[in-house]
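Structure first, then comments.
The values are calculated or read from the model by the stated rules, or taken from the named source; none is laboratory data. Just so it is clear, the structure is predicted and the values come from calculations on it, not from any experiment. For neighbour counting, all protein chains shown are included, and Cβ atoms are generated from backbone atoms with ideal geometry for every residue, glycine included. The area values use the complete protein model at the heavy-atom level, side chains included, leaving out ligands, DNA and RNA. Shrake-Rupley method; radii C 1.70, N 1.55, O 1.52, S 1.80 Å.
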Amino acid sequence: MMKKTTQAFIGSAVLLLSSFALADTNAAMAAAGEQVFQQNCTACHSADPSKNTFGPSLVGVVGRQSGSVPRFAYSDAMSAAGLTWTEENLRQWIADNEALVPGTRMRHVSITDKAKQDYLISYLKTLK
């Protein structure tokens, strides 16, 4: 009986430590993503839900329908795009927004480094 209890304890401890490690990894990725956001996105986008600037606020962007932020005048191309901002669509947009939505007004940022894309998407997930 002692052996099963010890194994259960060890298994629980491993799961707990793994969840802490995952949380630390997610926090580090989001922090790196905030830097990518500051360098590449803040000239046109806000991380404040009440502020649209040249581009719409990116609060809540992950999972949101494209062209749906209130009080923002989207291009006809973006209004008609019918996208949901999934991780994959965000990755495509970040790499080449003109290829994903031809005719968009957003200038092309072109972050093609997968790690930087991962960081940025991790940060965008925190904006709720």
Quiz item: From the residues in region 68-86 that are more than 18 Å from His45 (Cα to Cα) and surrounded by 15 or more Cβ atoms within 10 Å (Cβ to Cβ), which one is farthest from the chain's Cα centre (by Cα)?
Solution: Ala77
Self-check item: Residue satisfying all of: in region 99-109; open to solvent by 60 Å² or more (accessible area, probe 1.4 Å) and modelled with pLDDT of 95 or more; farthest from Phe37 (Cα to Cα) among these
Solution: Pro102
Quiz item: Which one of the conditions (1) over 26 Å from Ala30 (Cα atoms); (2) open to solvent by less than 50 Å² (accessible area, probe 1.4 Å); (3) hydroxyl-bearing (Ser, Thr, Tyr) does Ser57 fail to meet, given that it meets all the rest?
Solution: (1)
Self-check item: Complete set of residues in region 84-115 that are among the hydrophobic types (A, V, I, L, M, F, W, C) and part of a loop (DSSP other than H, G, I, E, B)
Solution: Trp85, Val101, Met106, Val109, Ile111
Quiz item: Are any of the residues in region 8-27 open to solvent by less than 50 Å² (accessible area, probe 1.4 Å), at pLDDT 95 or above and either on the phi > 0 side of the Ramachandran plot or not aromatic (Phe, Trp, Tyr) (or both)?
Solution: no
Self-check item: Scope region 75-96; condition farther than 17 Å from Ala115 by Cα and aromatic (Phe, Trp, Tyr); matching residues
Solution: Trp85
Quiz item: Would region 111-124 turn up any residue that is of a type outside the set (A, V, I, L, M, F, W, C), over 11 Å from the mean Cα position of the chain (by Cα) and open to solvent by less than 50 Å² (accessible area, probe 1.4 Å)?
Solution: no
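Go through region 49-63 and give me each residue that's closer than 15 Å to Thr126 by Cβ and modelled with pLDDT under 95.
Here is the first cut: in region 49-63, the residues closer than 15 Å to Thr126 by Cβ are 49, 57-63.
The answer is Pro49, and nothing else.
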Practice problem: Could you tell me whether any residue of region 116-123 is out of contact with any helix residue (DSSP H, G or I) (no Cβ under 7 Å at 6 or more places or on another chain) and on the phi < 0 side of the Ramachandran plot? | Solution: no
